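The values are calculated or read from the model by the stated rules, or taken from the named source; none is laboratory data. Just so it is clear, the structure is predicted and the values come from calculations on it, not from any experiment. Cβ coordinates were reconstructed from backbone atoms using ideal geometry, including for glycine residues, and neighbour counts include every protein chain displayed.
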Amino acid sequence: MAGRIPQEFINDLLDRIDVSEVIGARLELKRAGKEFKGLCPFHGEKTPSFHVVPEKGFYHCFGCGVHGTALTFLLEHDRQEFVQAVETLAAMAGVEVPREAGVVRKNDRRSALFAVLERADRWFQLQLRQHPERARAVEYLKGRGLTGATAKRFGIGYAPPGYENLLKAMGGGQTLEQQLIEAGLLASRDSGGSYDRFRDRITFPIRDGRGRTIGFGGRVLGDGQPKYLNSPETPVFHKGRELYGLWECRQALRDPERVLLVEGYMDVVGLSQAGVPEACAALGTAATADHLEKLFRLAPEVVLCFDGDAAGRRAAWKAAQLALDALNDGVSVRVLFLPDGEDPDSLVAKEGAEAFRARVAQAEALSSYLFRTLGEGLDLALLDDRSRLAHRARPLLERIPGQLVKTLMYQRLAEITALPQGALEAAPVDAYADGPIPEDPLESEGPLEVRRREPAPARGRVRRERAERALALLLKRPDLADAVAESALVALSEHRSEAGQLLAELLTILQQSPGLSASALLGRYVGTDAHERLLRLASAPLPFEGSALTTEFGELLGHLQVEGETEKRRALLERIRTGQAQDGDLDAFLALKRAAAGVDPQAS
């Protein structure tokens, strides 16, 4: 990107600037040992809970949880734009802000993908205004009630008919073609060459936490299939972790009370146009725990909004179970079913934003929905059926990470079943869960059935907590990355949790830039979804240092490496079983299996 400020300069700048000087010029701070304390500027308080830690280069409020670096303070407190904030810090340090040339570095694979995605985004939007066949797309959007201003705000565009439009429009060439294939915009032909993935479709750019286009959704015009087409998985786009409309929601609202999780692109766009911008959508897939964690970082309440038909109710039940894995103290989940034949877009158009918000406010609490669904088909006047309800509910309640909310859930279960709460919490959880409990969404997309479930704590939560603990240690001691082997990085990149993959990313950065400080490392993530998580982990107190810290990091990394290798084996085995194996998959699977069994991978 032309004129970009080099990341290395920002790293050096954050190392050079004393965060207490930046904040002290705007707030009254008092020294408390090696730190400074003051009244938090982000929430009203009478007792100082806002701590500034010059040694680590960041601030943290123990009252409201806000935290950041000198750069984020200028962004959040002074409401400066990113470039302006960097220039403010540079002026304090007495240095000029350098600019990179407008050429993407050849070794920067991700930057190249972002660049071609941005160009494609602009081209799609241009076709909606200028292409000779744009009328059908324009009429469709007008028929859905969209204005030109809304289409522009969401970057809605048009991919015209034809198989070779995009590459020609962007200049052609083998290098560009390979980048477009890797970005998911072109698909490879079996006979060689490529063709446009999006054809005769309305396009919806999917943006990350920094507003960069990372993929697209496409709605077909006419009766073609599939009705909606999403970008495939790419190095910059993972649909199980991204949400459509999240960036636009953050631009519209700084601190929303709640956020809606809806099912479609047009639901998000239509709600926003009607005055309800606090909506996001999963990208053509079921909601995941990562989706919900992102939403909880945006607002303390998530409302799962679904159609009232059978498919909507199945999707709601699946999402509700995943919500349990992300249900920490201080957050809540509600479930809203819409009237038959309505979706959020059509309903808000009929009744308006105020009436729709009133409907959302009356959404059913997760606890009520959970016990009502589990109790379907049971007569709770009968002792045996009350026992069956408890039997169904306990494996699910044990997945809840928040201790307070878990206790309250058990309290409600005790009231419903007339069983002592202490007995419910103390009894061993049966490994079998009967009743209407679907298979683990991480394992299968199959029908409802009785199955063996892993005892609590849930696997996903254990993996996530382990990875976050390793992240906290690494942010305390970035030099720990020096001793991490390449095999561990490869395995971590396959880890199921977002935190595990983030750990692999940080380790790679630290190995490529030895000596990088924690403050400079955090500066690389300003404006991304990962930034808040990393700041929270960097602020977490650790009970020990020195060799004990190094030992624990090594043990955690060992566990995470095994988990990543296990996920890789499962993925390879699934491709082999379904006939989708690629060259080398079988050899890779056998090598991982031998390694897991303690056999030399080179052995025949």
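Before moving on, here are some points about what is shown:
- Scanning the stretch 508-525 for residues that are farther than 24 Å from His60 by Cβ and of a type outside the set (Val, Ile, Thr) turns up Gln511, Gln512, Ser513, Pro514, Gly515.
- Residue list for the stretch 318-356, restricted to those being over 18 Å from Ala282 (Cα atoms) and assigned to a loop (DSSP other than H, G, I, E, B): Leu327, Asn328, Asp329, Gly330, Val331, Pro339, Asp340, Gly341, Glu342
- Set Ala472, Ala488: member being outside any loop (DSSP other than H, G, I, E, B), over 21 Å from Leu535 (Cα atoms) and touching a residue at least 40 places away in the same chain (Cβ under 8 Å): Ala488
- Test: Ala548 is modelled with pLDDT under 80, part of a helix (DSSP H, G or I) and either outside the structural domain of Asp15 (by TED's automatic domain parsing) or not aliphatic (A, V, I, L, M) (or both): yes
- Hits in the stretch 14-70 - residues which are out of contact with any strand residue (DSSP E or B) (no Cβ under 8 Å at 6 or more places or on another chain) and within 21 Å of Leu298 (Cβ to Cβ): Cys64, Gly65
- In the stretch 369-381, the qualifying residues are those that are loosely packed, with under 13 Cβ neighbours inside 10 Å and in contact with a helix residue (DSSP H, G or I) (Cβ under 9 Å, 6 or more places away or on another chain), and the one that is nearest to Leu260 (Cα to Cα) is Gly377.
- Test set (1) surrounded by 12 or more Cβ atoms within 10 Å (Cβ to Cβ); (2) part of a loop (DSSP other than H, G, I, E, B); (3) without any contact (Cβ under 8 Å) to a residue 24 or more places away in the chain - Leu146 fails condition number: (3)
The rows are residues; the columns are (1) in contact (Cβ under 8 Å) with a residue 60 or more places away in the chain; (2) at positive phi; (3) under 15 Å from the mean Cα position of the chain (by Cα).
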{"site": "Val276", "(1), (2), (3)": "yes, no, no"}
{"site": "Cys280", "(1), (2), (3)": "no, no, yes"}
{"site": "Asp290", "(1), (2), (3)": "yes, no, yes"}
{"site": "Lys294", "(1), (2), (3)": "yes, no, yes"}
{"site": "Ala299", "(1), (2), (3)": "no, no, yes"}
{"site": "Asp307", "(1), (2), (3)": "no, no, no"}
{"site": "Gly312", "(1), (2), (3)": "no, no, no"}
{"site": "Ala326", "(1), (2), (3)": "yes, no, yes"}
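- Flag if Phe154 is within 20 Å of Thr213 (Cβ to Cβ), modelled with pLDDT of 95 or more and not assigned by TED's automatic domain parsing to the domain that holds Ser272: yes
- Counted residues, the stretch 170-204 - those being assigned to a loop (DSSP other than H, G, I, E, B), of a type in the set (D, E, K, R) and touching a residue at least 24 places away in the same chain (Cβ under 8 Å): 3
- Scanning the stretch 24-41 for residues that are under 30 Å from the mean Cα position of the chain (by Cα) and under 23 Å from Glu87 (Cα atoms) gives a single hit, Pro41.
- For the stretch 120-140, taking the residues that are in a helix (DSSP H, G or I) and without any contact (Cβ under 8 Å) to a residue 24 or more places away in the chain, the one that is surrounded by the most Cβ atoms within 10 Å (Cβ to Cβ) is identified as Val138.
- Test: residue in the stretch 322-333 that is of a type in the set (A, V, I, L, M) and under 23 Å from Gly143 (Cβ atoms): no
- Test result for Leu383, over 31 Å from the mean Cα position of the chain (by Cα) and free of Cβ contacts under 8 Å to residues at least 12 places away in the same chain: yes
- The stretch 204-224 - residue that is under 16 Å from Arg122 (Cβ atoms) and charged (D, E, K, R) and, of those, surrounded by the fewest Cβ atoms within 10 Å (Cβ to Cβ): Arg212
- The residues of the stretch 157-201 that are modelled with pLDDT of 90 or more and among the hydroxyl-bearing types (Ser, Thr, Tyr), listed by number, are Tyr158, Tyr163, Thr175, Ser188, Ser194, Tyr195.
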